[in-house]
Amino acid sequence: MTGTTPLAPVTLAVPKAAKAASKSFRVVLQQHWLLYVMLLPALALLAVFSYYPLWGLRLAFVKYEGVGRIADAPWIGWGNFARFFGGPYAARVIGNTLFIAIGKIILGQMAAITIALLINEVRYQGYKRTIQTISTFPHFLSWIIIGATMVRLLSTVGPLNRAFDAIGLPKVRFLASASTFPWTLISLDIWKGMGFGAIIYLAALMGINPELYEAATVDGAGRFKRLWHISLPGIFSTIALMACLNLGSILNAGFEQVLVLYNPVVYKTGDIIDTYIFREGYLGNEFALGTAVGLFKSAIGFGLIMLSYWLADRFANYRIF
Amino acid sequence: MAMIEERGAVDVAVDVIIYLVLGLLALMCLVPFVHLAAVSLSATTPVATNQVWLWPVGFNADNYLYIFRSDRTFLGCMLTSVERVLVGVSFGLLVSIITAYPLSRDNIHMPGRVAIKTLIIFGMMFNAGFIPYFLSLRNLGLLDKFAVLILPGAFNVFNTILIMNYFRGLPNEIYESAVLDGASHLQVLFRVFLPVSQPVLATVTLFSTVSHWNSWFDGFVFLRHVDQWPLQSYLYGRVILKQIEQMAAREAAHGTVSAGLSEISPEALSNAMVFVTMVPIMLVYPFLQRYFVTGLTLGAVKE
């Protein structure tokens, strides 16, 4: 084919494409009806389990005390929201949620990046693999298993406190002291997730052209210079991407973890929005109030996720669909 | 080259520190479970007096014997969990696959595609919250039914996107030649695409196996009777909330269930149960490890 001919088909293709776009729905259905059928199960599940519950949100605006039909409950507008925000618990559970979630995100990412950089320095492959295998494992266990393991380990008579005692350190009430509890949550979350969190950074580090390191070494750059000028810039875009994506979860402080580990003694610092909804709203039969608090969380959370995906698209060219 | 390979003392020292720090971190991840296992295999007195560290003291397997011989509820819940994994994973996988296929065919003009995608994304991003969700399941008559463990999570958007992106990455030639041969979309999907999609299918299967095995909140809240619970819900009630434990202690006091097993302590028994629950994860873990990276590259980075 000569260099001049391709122009003709391209110009011809324009009206063709326009015609294809205006093809009637009927014709598409005839040819590709199966594609629509294939989407049906997912759409049905979506309708039933994601959209149908939205109808229940009207509960947030009625007065309902657990008796009688919800449909008959009187409309009170923003009353439930006013009750929550006027009460003593709003500031507490929102504050706890933000503190725990942001703590987990920032410290967790720092831990993951540090571990990835350290593992990247290991030359002996067998050691590298062993470390990765072991440190990634806890990520795949439920908070039930971790909780059951840790409650014993961290109790005041548990092995950790006995070890503290043996070397003359004071006892720490990890799970029964309001001031320590949020840090226990954050630390356990980091402990559970750091190995897995490191994988994405390790993948980015593997992607760095080894010639860069070689050239830097020839130029006399030591280990720290290479880390600072090659490794870190090499994973910067991944760090930025994770920061954007994590923004979407600053209202998710870890419902299951808190539910497994908390107790009334630490409600002051450990009760988060999700556990509050579950305990006061669901178990306490305050369905209307619980729905209102849930709607508040969902609305803000939705905005945050939109923002986080927009930022990820904008700054890291990341798209999920 | 020899000049570069030669390393100073400082460099070696840094290496040693790095190896030590990483080794310590790995130990931190391992030791709690070693302790757990050690307690579960120890005799009653050393457990009660906190003498067990990383090795069983007064080795005894009665706790495990009790679980497998006498704890009907535990075994029943375990069976429920196995059933849940088998049904939940295969049904979820099927839904993800048949949803991913049409979404991956970007070249086919499909009116409504954008609307459908928007519905999916919005459904994923905005949820009604726990109470409306619970009430919906109640209205649908799903409470106290096994299906409540399967259906609500069957359409997993992340798994679908993962498979969709994989299908998109397959060479267009294999799609076109199948279509030229007169294959229908179902044939293309099941006869042409699936046989070459083993990595992504393995990834989704393994990740959803783990997530079904680990789920406990849904069983605990949506199913009223302990006998219907999956294993991890049972552990929540028994080991974390310690509600069922008292019941079991009463049974044991009547001498009916633990005949011949004398060395059982509540704490060691709990640990044994937790350890048994961990075993399936340990078994799939080596396979899981091969697919970590596939599971992480969820989003597509635009060219």
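Between the Cα long axis of helix B:9-40 and the first principal axis of chain B there is an angle of about 60°, rounded to the nearest 10.
Charge dipole (Cα centre; +1 on Lys/Arg Cβ, -1 on Asp/Glu Cβ; no other charges) of segment B:43-110 amounts to roughly 80 debye. Fewest-first ordering of A:318, B:236 by other beta carbons within 10 Å of each residue's beta carbon gives A:318, B:236.
Note: segment B:159-215, Cα convex hull, 75 Å³ per residue. Between residue A:82 and residue A:157, the FRET efficiency estimated from the beta carbon spacing at R0 = 35 angstrom works out to 0.15.
For segment A:88-316, report the convex hull volume of the alpha-carbon atoms normalised per residue, in Å³, without decimals.
Cα-based convex hull of segment A:88-316, divided per residue, equals 151 Å³.
Cβ crowding within 10 Å, taken as a proxy for footprinting-reagent exposure, orders B:162, B:94, A:57 from fewest neighbours to most as B:94, A:57, B:162. With one equal scatterer per alpha carbon and no solvent term, the Debye-computed log10 I(q)/I(0) for segment A:153-279 at 0.11 1/Å reads -0.63.
Remark: segment B:1-159 projects, on average over all directions, an area of 21.1 nm² (convex hull of Cα atoms). Of the residues B:49, B:154, B:102, the one whose Cα sits farthest towards the positive end of the charge dipole of segment B:22-162 is B:102 (charges of +1 on Lys and Arg Cβ, -1 on Asp and Glu Cβ, taken about the Cα centre). For the cross-link pairs A:268/B:117; A:192/B:242; A:128/A:171; A:192/A:268, the ones whose C-alpha atoms lie over 32 Å apart are A:268/B:117; A:128/A:171. Counting every other Cβ atom within 10 Å of each residue's Cβ, B:207, A:224, B:190 order from fewest to most as A:224, B:190, B:207. For helix B:198-214, what angle does its Cα long axis make with the longest principal axis of chain B, in degrees from 0 to 90 and rounded to 10? Around 40 degrees separate the two axes.
No value in this document is a laboratory result; all are computed from the given coordinates. Keep in mind it's a predicted model, so treat the numbers as computed, not measured. FYI the Cβ positions are ideal-geometry reconstructions off the backbone, even for glycines, and counts take in every protein chain you see.
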